[in-house]
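Just below is one structure, and these are the notes that go with it.
The values are calculated or read from the model by the stated rules, or taken from the named source; none is laboratory data. Computed from a predicted structure; not experimentally measured. All Cβ positions, glycine included, derive from the backbone under ideal geometry; neighbour counts span all protein chains shown. Just the protein is used for accessible areas: all its heavy atoms, side chains included, with ligands, DNA and RNA removed. Shrake-Rupley method; radii C 1.70, N 1.55, O 1.52, S 1.80 Å.
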Amino acid sequence: MKFSNPSYRSHLCLILVSALALGHVSAMRTGAQSASLTPTTLVKPDLVKEYQQSITPAKLASRLYFLASDFFEGRETSTRGQKLAAQYLASQYRLMGLEPKGTQKNADPLSPAAYFQPFNVYRQTPTSTKLEAAVAGKTVSSSTFSADAHDGLSYFLRGNLADVSGGVVFAGYGIADDGLGYNDYAALKAKGISIEGKWVMMLVDEPVTDANTSLLPTRDRKLSGWTNSILKRRAALAAGRPAGVLEVILPSPLRKGTFAEDSAQASARAADLGAMSLDQSSAMTPTYAISAALADQILAQSGHKIEDVRQQINRTLKPEVFEISNARVTATVEQSKPLETENVLAFIEGSDPQLKSEVVIISAHYDHLGLNRALKGDQIFNGAADDGSGVVATLELAQVFMNARRDGFGPRRSVLFINFSGEEKGMLGSAFYANHQPVIPLDKTVANINMDGVGGIDAKHPGHSRNYIYIVGEGDLSKEMIATNRRVKDATGINLELTDGPGFPSDQRNFQAQMIPFIYYSTGLTEHYHTVGDEADTVDYEHLARVTQLVFGTAWEVANQNSRPAGIDRSKLTLVGYACPPCGLECDDATYDHDGSCPICGMSLAPKYSISAK
């Protein structure tokens, strides 16, 4: 950056060089104890304001209109559009002069690939499945399913893409709720029936009279949480380790269309990439939707009809559970091949000899939802606000930090810019970086500053404001950074309302799980969230510029202050297991003794720590 007043620039240079020198002396004197200091003043707010002014609506728009154009085809993870976007981002970092920090083997140092951190992702939808049912050793049904074939008998829903075979237990609705006086698994246990290693057949949803009224004794007879399959998955896992789940889809006030129509739609969706994971073998129980016709074929020798059983349960509100003698179901699966995607990493080395080994990570995900060819008209999810806005903000921040460095004001700590892939698939890129391949040791990572969707407006903002930014943090991990952010706003006069944000899930969750201080900026669930309407011309660029200026001020402070943000001493952490990064679902409090994916929601598990007193 060039100042218009040479004498003012010289004066600032002298002041800042003196301040940095004092900071070096202070850091050397205090050593490791400097990490315990809490900063109370900002590092040169006048200089920060000068650099903030170089972040303009026009610059942000010039980048976003390109990144969120149809050319990138919605940037879905592993697709051509996502890879073109990775090339674009790497080229921009190269032009600015940032150092590549990728991990791709044998990459030409001058190629965009030098900035790439490649990793594999796995589709959670099989290429094809065959579901065979046998009774008394005789095959009574063989159902196939793929993107090209469906027979209206079964289709794959979710879970492990493995070949599975086992007996069958009927578990009513698969509900375990003593508070509502209804527990199918307690009834199975009372009968001495185990679900271990067997298929659990259950009715979908819950007993209802209409689309809004439960037959269960809920408050005001409203639908319970058991219409959500998450609760049912957890209940089944708590009762044992079933081989698989067969969800019987029957006509219901809660469902529109026929099973055959559902099967056809599922087949069409199977042609899409769909959900992904970092693991080829999901920990989730393989689950298939089956029709009444297939259910009755499996029940053939039990003396039951599936609709009769449902009506009996709805009438009595008492579990009807039993083992289906002589029945066996076998699933055969053809798995999809692994797909490769990549994070984009660009680095600015710190200027302070003592502090440059520490890094501030500034992040935003660059993937989005891709294409939906089933739509009429516009089929591209351009992802301008989500999260093209955060990505172009990282590019502008990189440019300003590089300008400062060329002017002699480089950040004292190193700054690592990461654009993650796979966020829309379950925060996969950040999970891979934080939990599997951090290029800077986590002990040296002082903070994560994450932006996701900073270019739209939330119609449900509590103050109905159009000039706000949600600030998201977590307790002591974020307390100091949030306070710093507020001081930056006040000192530099940024005209934004700071709103405490709800816990929107995004890439900061994987740094939170690693006990790294973080702050997360977002405008929330905006008016065009996850629609084809999220186009570059819907973004308020004046607002986006103010947000980016605020983020720069906070990042500058964290990168230049003497002490790292207060947080957790990672030397005191003891690994106690693995858990979901907080996702707001029913698995947040579950801990597992293995890495991989959550068996309830399918997200990548993150380490879980306890803090020792040593």
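Kindly provide the Kirkwood hydrodynamic radius of segment 394-485 in Å, to one decimal, from all pairs of distinct alpha carbon atoms. Numbers along the way, then the final one.
Details: mean 1/r = 0.0623 Å⁻¹.
Evaluated on segment 394-485, it is 16.0 Å.
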Test item: Cα-centred dipole of the chain, Lys/Arg +1 and Asp/Glu -1 on Cβ, debye: 1160
Starting from the Cα of residue 59, draw a straight line to each of the lysines and keep only those under 30 Å, dropping any in the same chain fewer than 8 residues away. 2, 44, 49, 83, 101, 356, 425, 460, 489
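Calculate the tail of P(r) for segment 341-435: the fraction of all Cα-Cα distances greater than 15 Å, expressed in %.
Numbers: 2937 of 4465 pairs.
Considering segment 341-435, 66 percent of its Cα-Cα pairs are separated by more than 15 Å.
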Would you please state which residues of segment 77-119 a label at residue 403 would reach in this model, taking the label point 7 Å out along Cα→Cβ and a backbone N cut-off of under 15 Å? 96-97
Place the peptides 414-421, 490-497 in order of packing, highest mean first, counting for every residue the other Cβ atoms within 10 Å and averaging per peptide. 414-421, 490-497
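Under the Kirkwood approximation for Rh and a Cα-based Rg, what ratio Rg/Rh is obtained for segment 53-109?
Details: Rg = 13.5 Å, Rh = 13.0 Å.
Computed over Cα atoms, the ratio is 1.03.
Nearest 5 percent is fine: what portion of the DSSP beta bridges confined to segment 181-320 is antiparallel?
Numbers: 2 of 11 bridges.
Antiparallel bridges make up about 20 percent of those DSSP assigns within segment 181-320.
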Sequence of 60, 575 when ordered by accessible area, the most exposed leading, probe 1.4 angstrom: 575, 60
According to the Kirkwood expression over distinct Cα-Cα pairs, how big is the hydrodynamic radius of segment 308-393, in Å? 20.5
Could you tell me how far the Cα centroid of segment 269-292 sits from the Cα centroid of segment 407-443, in Å? 29
So if I restrict to the alpha-carbon atoms in segment 220-370, what is the Rg, and what is Dmax, the biggest pairwise distance, in Å? 23.5, 79
May I have the pair-distance distribution P(r) for segment 453-514, computed from all Cα-Cα distances with 5 Å bins from 0 and rounded to whole percent? 4, 15, 25, 23, 20, 11, 2
Using the Karplus equation 6.51 cos²θ - 1.76 cosθ + 1.60 (θ = phi - 60°), what ³J(HN,Hα) coupling, rounded to whole Hz, does each residue of segment 416-433 give in order, writing x for Gly and Pro? 10, 8, 10, 9, 8, 9, x, 5, 5, 9, x, 6, 6, x, 5, 5, 5, 5
Taking amide hydrogens as modeled 1.01 Å from N in the peptide plane, which residues meet the under 5 Å criterion relative to residue 497, leaving out close sequence neighbours? 468, 469
Rounded to whole Hz and in sequence order, give me ³J(HN,Hα) for segment 393-407 from the Karplus expression 6.51 cos²θ - 1.76 cosθ + 1.60, θ = phi - 60°, writing x for Gly and Pro. 5, 4, 5, 5, 5, 4, 5, 5, 4, 5, 4, 4, 5, 5, 7
In Å³ and rounded to a whole number, note down the convex hull volume per residue for the Cα atoms of the chain. 164
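Under 8 Å for C-alpha pairs, at least 6 residues apart: give me the relative contact order for segment 158-230, rounded to a whole percent. Show your work: numbers first, answer last.
On the way: 84 pairs, mean separation 19.9, N = 73.
It comes to 27 percent, rounded to a whole number.
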Among beta bridges that DSSP assigns inside the chain, antiparallel share in %, nearest 5: 65
Please work out whether segment 137-185 counts as rounded, prolate or oblate from its C-alpha gyration tensor, where a ≥ b ≥ c are the square roots of the eigenvalues and a/c under 1.5 means rounded, while otherwise a/b larger than b/c means prolate and anything else oblate? prolate
Please work out how much accessible surface residue 330 shows to a 1.4 Å probe, ignoring ligands, DNA and RNA, in Å² rounded to 10. 40
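Under a Cβ-Cβ cut-off of 12 Å, what is the net charge of the residues other than residue 541 that fall near it, where Lys and Arg count +1 and Asp and Glu count -1?
Details: positive: 59, 63, 546; negative: 396, 537, 540, 542.
The answer is -1.
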Beyond 20 Å, what share of the Cα-Cα pairs of segment 45-162 remains, rounded to the nearest whole percent? 68
If each part is reduced to its alpha-carbon centroid, segment 490-523 and segment 127-194 end up apart, in Å, by 43
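Run the numbers on the chain and let me know its relative contact order in percent, using alpha-carbon pairs under 8 Å that are six or more apart. Let's see the in-between values first.
Details: 1338 pairs, mean separation 120.4, N = 614.
Once divided by the residue count of the chain, the mean separation gives 20 percent.
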Take 125, 341 and sort them by solvent-accessible surface of the protein heavy atoms, 1.4 Å probe, largest at the top. 125, 341
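Would you please give the FRET efficiency between residue 332 and residue 293, computed as 1/(1 + (r/R0)^6) with r the Cβ-Cβ distance and R0 = 25 Å, to the nearest 0.05? Intermediate values should be presented prior to the final figure.
Numbers: r = 20 Å, r/R0 = 0.81.
So the FRET efficiency works out to roughly 0.80.
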Would you kindly give the portion of the calculated P(r) for segment 218-260 that falls above 13 Å, as a percent of all Cα pairs? 68
Kirkwood Rh and Cα Rg combined as Rg over Rh, evaluated for segment 495-614: 1.04
List 62, 610, ordered by accessible area with a 1.4 Å probe, largest first: 62, 610
Give the accessible surface of segment 67-149 per residue, rounded to a whole number of Å², with probe radius 1.4 Å and ligands, DNA and RNA excluded. 43
Tell me what the chain gives for mean residue ellipticity at 222 nm when only DSSP H runs of n ≥ 4 count, each as -39,500 (n - 2.57), the sum divided by the residue total, rounded to 500 deg cm²/dmol. -9000 deg cm²/dmol
In the chain, if the dipole is taken from +1 on Lys/Arg beta carbons and -1 on Asp/Glu beta carbons about the Cα centre, which of 174, 575, 204 is farthest to the positive end? 575
